[in-house]
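No value in this document is a laboratory result; all are computed from the given coordinates. A quick note: this is a predicted structure, and the numbers were derived from the prediction, not measured. Ideal geometry is used to build each Cβ from the backbone, glycine not excepted, and the neighbour counts take in all protein chains shown.
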Amino acid sequence: MELKTWLTFIFGFSVAFFMIAALLFQMVSRKNTGAGSVREYEELRLPDKAPRRQAAYSFFQQIYVWCAKVPLLRMYLTGIRRRLAVLHVVDEWKLRLETIKLALAVWGVLLAAVVPLLWITDDVLMLLLLATGIWVGHGVMADAFVHRLENRQLHQLRHFLADVRHHYHRHGMVEEAIFDAAETAPHEMALHAREIYDVLTSSNPEERLEQYYEAAPNRFLKGLAGISHLVREYGDKMTQHGSVYLKALGQLTGELNLVILRREKLSFLLQGLTAIALIPLLFTKPIENWARSYFPAMDAFYAGKLGWMTKIVILLIVLGSYVLLRHMRELDREQQAGRRRKPWEQRAYQVPWVRWLVDQIMPGPGSKEAARCTMLLKETSSPLRLEWFYVQRVAVSILGFLLSVALFVTLHAVATHQLLYAWDKPDTMFGRLSPEEEKAAKDAAALDRKILADVKEAKSRVYEAVLSRLRQEPEFAQNEQQLYAAVQRILRKMEALNQEYLKWWEVMLGLLIGWGGYFIPIWILLFRRRLRQMEMKHEVDQFHAVIAMLSEMDRISVEQLLEWMERFAFIFKEPLQQCLLHYEHGAEQALEWLKEEAPFAPFVRIVDRLLLAAESVPIRRAFDDLESEREFMREQRKQDYERLIETKAGWGKLIGFAPMVSLIFLYLVFPLVYVSLSQMSVYYEQIHRIQ
């Protein structure tokens, strides 16, 4: 009945926790974060409007200012602020508000969940699991909040493009259409719309446009700003399909709709997987208590080395699953998350002795290993240079070695504590000692500790020292059989205690683990590259949309097409940037080099047509089949999207459920089998003694 009550409490607490978290996220993410126009939002800041809400917002601003004065809190808020900065452009007031709201919401939910758990556990390893859960849970909740803001911005942009189309039909002027659409747009979208309007009406629009390209949060806003600038500078053009500008807006809207539908479907298929991966951190203790209640012989397993190693393996599986699930996000999200000012690897490489060590380990320039790692960093769009990447590899290797050696030392300390304080359990798996027998076993364990402390200095004639010390105890004065049994028991414990020290093979195993840790960053990059290879066809299809959007313009050139492709690119961004750098020295050589650097067949076909357009054929004729094959390409993209989403969903489910499977197998099934086999060997020994 106690177990049932315990499990009911855990279940009820979990349900209440998730309901509170869902409500809190709903309130924080939707309430007053872009539901009205700019005018309504500005009126909200006035003292005579919504005094309670204004007082709450002022209180949040004061909390932000206070936290910014504390170094650690300032670093934490800066990390959140950097992720939200691209969503709010230059609105410092709103950026601070969203940052502190996110921080308070996340930590409020985490503390509400963790504080009750701290009251019911005193296990050091369980506290470590809870700390890991806090770290992972914080990342999950922060990501969910930021992703919701990103998705909301995409939906706002979709409606904004429809408004621009409507107002362009009325005015026939690009800047007026954007200005009128900004008047009724939500606050976040209106900020970007006004930035685009300032670009179009600036005295130096090219310079302002480049500045906006650096601040724009997604490629669709870049495309809107760029196409609006081209139409305003060179004028619109009417073709047999209508206005070139309206056709470009239709292409942008179509690409945007595909991205929104893809994100929503992928989020639906992968929702909750990270939470499922965290469940083992919460249920290790209940499973352990249940097993100890019904199978007392399993106490020794959970309290010993194997139990600790099993918990650590489960912890590593949870962390690995969390890291892999984070890397399975959309490429745009990875790009934004990767924008950081100065990586810690760069700061570490500036230390003289670290630089010397890395230079000794790093392969020389021109070697195959250096070329392979450099290409891998480029293919994954990593912000790290080769030497910084090797700083990361060396750091992970050293950390793996130190943690493994610390683990072995901890396991020896756990085994020593178990030998000294654990009392003898019954030989049967299901048996349980009576209260009198349990008290006697505890007294025997206490006596053993006292005897071991008294004779630990004896280097020779240990048997005689233990025997003489036990003869001084009253309970052994008249019972020689118990006396010699106690001597044998203490000698076995002493022999086992003498074996609990850090052995040479454990140090070698730590070195082996450190050597494996040296390759972990490589494996993560290979996993990311595999995910990116699945996205290549999707990016090439976006290039087709960009080309179809610009090919009807008379003054467009191949170099301008390459610049637009580079703005929309993520996987092929690095090769396109290098191609643009070399384009002035020769278009043909630069495009041939681009084909060699990115040998993906659909992308190579685009480069071949660009090469043809650079030599003799107009761009419109080089890509004249895009319009005729538009329906076929649309259906093909739909099938490719479905296949890609199914593949990612399958991988995500496999990774997300791996911790749960490992929890059941490693923490419940394996201990039962191990203890059963141990008990079976005891039964065989007893049978042989009877014979």
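Using the Cα atoms of the range 368-419, I'd like the radius of gyration and the largest Cα-Cα distance, Dmax, both in angstrom.
18.1, 54
Taking neighbour counts of Cβ atoms within 10 Å as a proxy for exposure, in what order, fewest first, do PHE160, PHE519 appear?
Least crowded to most crowded, the residues run PHE519, PHE160.
For TRP107, TRP308, which order do you get if you count the other beta carbons within 10 Å of each Cβ and list the fewest first?
Ordered from fewest to most neighbouring Cβ atoms within 10 Å, TRP107, TRP308 come out as TRP107, TRP308.
Would you list which lysines come within 17 Å of LYS450, measuring only between C-alpha atoms, while excluding same-chain residues fewer than 8 positions from it?
LYS439, LYS442, LYS493
Calculate the length of the line joining the C-alpha centroid of the range 472-529 to that of the range 214-289, in whole Å.
So the separation of the two Cα centres works out to 54 Å.
If Lys and Arg each add +1 and Asp and Glu each add -1, what is the summed charge of the other residues whose beta carbon sits under 14 Å from the beta carbon of HIS171?
-3
Assuming R0 = 22 Å, can you tell me the calculated FRET efficiency for the pair ALA112 and TRP66, based on Cβ-Cβ distance, to the nearest 0.05?
Efficiency at R0 = 22 Å is approximately 0.50.
Between LYS439 and LEU626, what is the label-point separation in nm under the 7 Å Cα-to-beta-carbon projection?
8.9 nm
Give, in nm to one decimal, the length gained when the segment between ILE260 and GLU646 is fully stretched (0.36 nm per residue of separation minus the Cα-Cα distance).
Length gained between ILE260 and GLU646: 137.3 nm.
Work out, in µm²/s and without decimals, the Stokes-Einstein translational diffusion coefficient of the range 436-531 at 20 °C, 1.002 mPa s, Rh from Kirkwood over C-alpha pairs.
125 µm²/s
Can you sort TYR583, TYR245, TYR667 from fewest to most other Cβ atoms within 10 Å of each residue's own Cβ?
In increasing order of surrounding Cβ atoms, one gets TYR583, TYR667, TYR245.
Quick check: residue separation of PHE657 and THR78 times 0.36 nm, minus the Cα distance between them. What number comes out in nm?
My answer for the length gained is 205.1 nm.
Mind checking the full-extension length gain between ASP608 and ASP454? Use 0.36 nm per residue of separation minus the Cα-Cα distance, one decimal, nm.
46.8 nm
Once you place label points 7 Å from the Cα toward the Cβ at SER367 and MET173, how far apart are they in nm?
Inter-label distance under the simple model: 6.5 nm.
Cα convex hull of the range 562-606: how many Å³ per residue?
Value for the range 562-606: 64 Å³ per residue.
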